[in-house]
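Reading through the structure tokens given below for one structure.
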Protein chains: 2
Amino acid sequence: MSLSQSILSGDIRAAARLMRNIDDNIPSSRSDLQELFPHTGKAFLIGITGPPGAGKSTLVDQVTAAYRKRGKRVGVVAIDPTSPFTGGAILGDRIRMNRHANDEGVFIRSLATRGHMGGLSRSTADVANVMDAMGMDVVIIETVGVGQDEVDIVRLAHTTLVVMVPGMGDDIQAIKAGILEIGDLFVVNKADRDGADRTARELSMMLEMNRYAEGDWRPPVLMTEAQRNVGIEELVETMESHHHWLVNSGEIHRLHEEKNRALFQTLLKERLFAEVNGRISDDGRLAEILDGMLTRKQDPYSSVERILAERLNA
Amino acid sequence: MSLSQSILSGDIRAAARLMRNIDDNIPSSRSDLQELFPHTGKAFLIGITGPPGAGKSTLVDQVTAAYRKRGKRVGVVAIDPTSPFTGGAILGDRIRMNRHANDEGVFIRSLATRGHMGGLSRSTADVANVMDAMGMDVVIIETVGVGQDEVDIVRLAHTTLVVMVPGMGDDIQAIKAGILEIGDLFVVNKADRDGADRTARELSMMLEMNRYAEGDWRPPVLMTEAQRNVGIEELVETMESHHHWLVNSGEIHRLHEEKNRALFQTLLKERLFAEVNGRISDDGRLAEILDGMLTRKQDPYSSVERILAERLNA
């Protein structure tokens with residue numbers, strides 16, 4: 001029985017194995033993902049992002065528990081920064097999720113930010129698809145909101161939650177428009193801290209400056225204290241409302257088209273490169289080009305155009 | 001006269017224009033870069049990275065001044081995070097560099113982290129090449145040390161400087177091995193702060209656990225107070241020592257080979273994708289594939305393989 005067949009028959013270990021294969025970029029994972037693909041598209045994908053220290057992991061933990069109470073199976077893809085400067089702390093947080101360790105309705109997978117052939121957002125999409133095919137009703141993708149990679153990851157989700165904390169008060173004017181564009185919901189976590197109201201108010205004001213058409217989703221700003229499980233039910237309700245809006249407005253089709261296009265194009269880019277790079281490595285063309293660059297006699301720009309002319313069909 | 005010819009004849013505005021063209025991914029920038037390529041390879045490339053708040057911008061400013069005193073022309077490529085969460089602050093720092101604004105021997109270019117077709121590290125490499133061709137003796141690439149993108153950027157440099165600050169003391173055990181691998185030099189900045197000695201000592205201890213062969217470069221740990229211009233001369237001396245070591249040991253050839261390979265492969269990946277994606281968009285194949293994905297009748301993995309079979313020469 002193939003890994004994908006085992007996964008479809010409910011084998012959790014097989015799912016974990018395929019995810020490792022995806023990580024290690026093992027070619028057989030492609031055919032497994034291929035077989036799983038027709039069984040995907042059912043899960044509700046939630047993206048959660050925000051600055052380090054905003055309490056995202058705790059929030060994810062509580063949201064997971066809330067969905068479990070509703071009888072939903074929950075998958076979590078946690079992107080763990082392996083950056084030299086932020087490493088460590090997040091790993092500690094992850095341990096908290098252990099309260100779900102013996103719950104078969106929860107499946108947690110951490111992905112390191114380093115070393116993904118084809119990119120992190122591609123690996124994340126693949127892992128989310130495996131969880132979807134496993135029958136997870138909700139798949140939460142958690143990522144630290146820094147850098148283009150993370151923004152791309154958030155775009156995999158149906159509903160994106162941006163987590164803020166009080167005390168960013170004075171800086172909030174400096175916050176770029178980008179944050180307003182990616183969030184479907186905003187949460188001011190650690191709402192017991194000084195300045196929480198002010199942060200929420202300023203965020204609301206900035207959001208109100210956007211122009212909304214009739215029937216558009218207007219991103220709400222919520223307050224939570226994830227540590228004490230305050231505001232979580234309302235948060236889950238609001239995420240569900242957004243999901244319903246997506247479905248009822250038909251917006252979900254546009255979203256799926258966009259996600260499909262991104263997945264296909266990422267695969268295309270990766271496979272084209274692997275194939276052509278492999279061939280020019282084998283036949284010595286690459287070595288020749290690199291020699292030419294070293295002596296500065298051949299520039300890489302025209303070399304690439306020559307390779308294109310040689311390798312692509314007219 | 002082409003932009004590249006103007007640049008080679010010393011026209012600063014032409015250089016700025018080409019950098020904007022690179023940013024906007026204007027096709028003509030390719031032929032300009034192509035013409036400049038034979039004139040590159042002379043500059044000493046320094047990468048400076050570290051966590052937000054480590055004082056990197058001030059350090060870059062002081063290092064720039066120190067190189068100017070030595071009569072060197074200095075280019076600075078500053079990667080400005082446009083992340084919603086870190087935006088703003090860095091822009092303020094950049095203003096400090098204004099003291100070099102009327103100095104023709106200094107050329108500063110900020111790159112936003114968002115929106116680079118072909119990737120940020122590709123754009124950074126292109127801009128660094130323009131500065132190299134302009135005759136800048138030293139090109140400093142400054143980036144916030146978070147994420148894979150930033151690590152890739154640092155790999156463009158000959159000498160990589162990692163900036164730390166005191167007070168990371170307790171966390172230092174948690175710092176991943178990655179940081180030890182990327183730094184050729186470590187600086188504990190804000191050395192007047194409590195715990196600076198301890199941070200430097202712990203860093204040294206961790207570095208000593210690496211195994212070095214005879215003749216290997218052993219990354220030193222320096223202390224600076226960039227704000228008060230303390231330790232900058234020694235820092236510049238040490239960077240110069242590293243550069244000499246690269247040249248004398250022959251290591252610089254391996255480094256250039258690696259950089260060339262990375263540049264060529266990034267270009268190859270980008271151009272292959274643009275070409276094939278353009279063709280299947282034009283002839284309707286892409287639309288067909290996306291339709292198949294939407295109904296889950298066609299999976300993207302086998303679709304990509306079919307496109308490869310159709311478009312690549314045997």
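The values are calculated or read from the model by the stated rules, or taken from the named source; none is laboratory data. For clarity, every value in this text was computed on a predicted model and none was experimentally measured. So basically every Cβ, Gly included, is an ideal-geometry build from the backbone, and we count neighbours across all protein chains shown. Calculation scope for accessible area: heavy atoms of the full protein, side chains included, ligands and nucleic acids excluded. Shrake-Rupley method; radii C 1.70, N 1.55, O 1.52, S 1.80 Å.
Below, the figures for the structure above:
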item: Residue selected from region A:178-201 under the condition more than 14 Å from chain B (Cβ to nearest Cβ) and surrounded by fewer than 20 Cβ atoms within 10 Å (Cβ to Cβ), by the criterion farthest from B:Ala112 (Cα to Cα); result: A:Asp192
item: Qualifying position, being more than 24 Å from the chain's Cα centre (by Cα), within 14 Å of chain A (Cβ to nearest Cβ) and within 30 Å of A:Arg311 (Cβ to Cβ), among B:Leu255, B:Leu290; result: B:Leu290
item: Subset of region A:23-41 (residues that are touching a Gly at 6+ places or on another chain (Cβ under 9 Å) and either more than 10 Å from every other protein chain (Cβ to nearest Cβ) or farther than 21 Å from A:Val247 by Cβ (or both)); result: A:Asp23, A:Asn25
item: Matching residues in region A:255-291 - criterion: being among the small types (Gly, Ala, Ser) and out of contact with any Leu (no Cβ under 9 Å at 6 or more places or on another chain); result: A:Ala274, A:Gly278, A:Ser281, A:Gly284, A:Ala287
item: Number of the condition not met by A:Arg279 [criteria: (1) closer than 16 Å to B:Gln265 by Cβ; (2) open to solvent by 40 Å² or more (accessible area, probe 1.4 Å); (3) touching a residue at least 40 places away in the same chain (Cβ under 8 Å)]; result: (3)
item: Boolean, B:Gln265 is surrounded by fewer than 20 Cβ atoms within 10 Å (Cβ to Cβ) and facing chain A (nearest Cβ under 8 Å); result: yes
item: Identity of the residue in region A:293-314, facing chain B (nearest Cβ under 7 Å) and either assigned to a loop (DSSP other than H, G, I, E, B) or in contact (Cβ under 8 Å) with a residue 40 or more places away in the chain (or both), that ends up nearest to B:Phe273 (Cα to Cα); result: A:Asn313
item: Residue among A:Leu235, A:Leu222 that alone is open to solvent by less than 50 Å² (accessible area, probe 1.4 Å), away from chain B (no Cβ under 14 Å), of a type outside the set (Asp, Glu) and not in a helix (DSSP H, G or I); result: A:Leu222
item: Qualifying residue in region B:249-259 (condition: part of a helix (DSSP H, G or I), modelled with pLDDT of 95 or more and farther than 24 Å from B:Glu181 by Cβ); result: no
item: Qualifying residue in region B:20-27 (condition: at pLDDT 95 or above, buried (at least 16 other Cβ atoms within 10 Å of the Cβ) and either more than 20 Å from B:Phe264 (Cβ to Cβ) or within 20 Å of the chain's Cα centre (by Cα) (or both)); result: no
item: Failed condition for A:Thr143, given (1) among the hydroxyl-bearing types (Ser, Thr, Tyr); (2) open to solvent by less than 10 Å² (accessible area, probe 1.4 Å); (3) modelled with pLDDT under 80; result: (3)
item: Index of the failed condition, A:Met293 passing every other in (1) closer than 20 Å to B:His256 by Cβ; (2) surrounded by fewer than 20 Cβ atoms within 10 Å (Cβ to Cβ); (3) touching an Asp or Glu at 6+ places or on another chain (Cβ under 8 Å); result: (2)
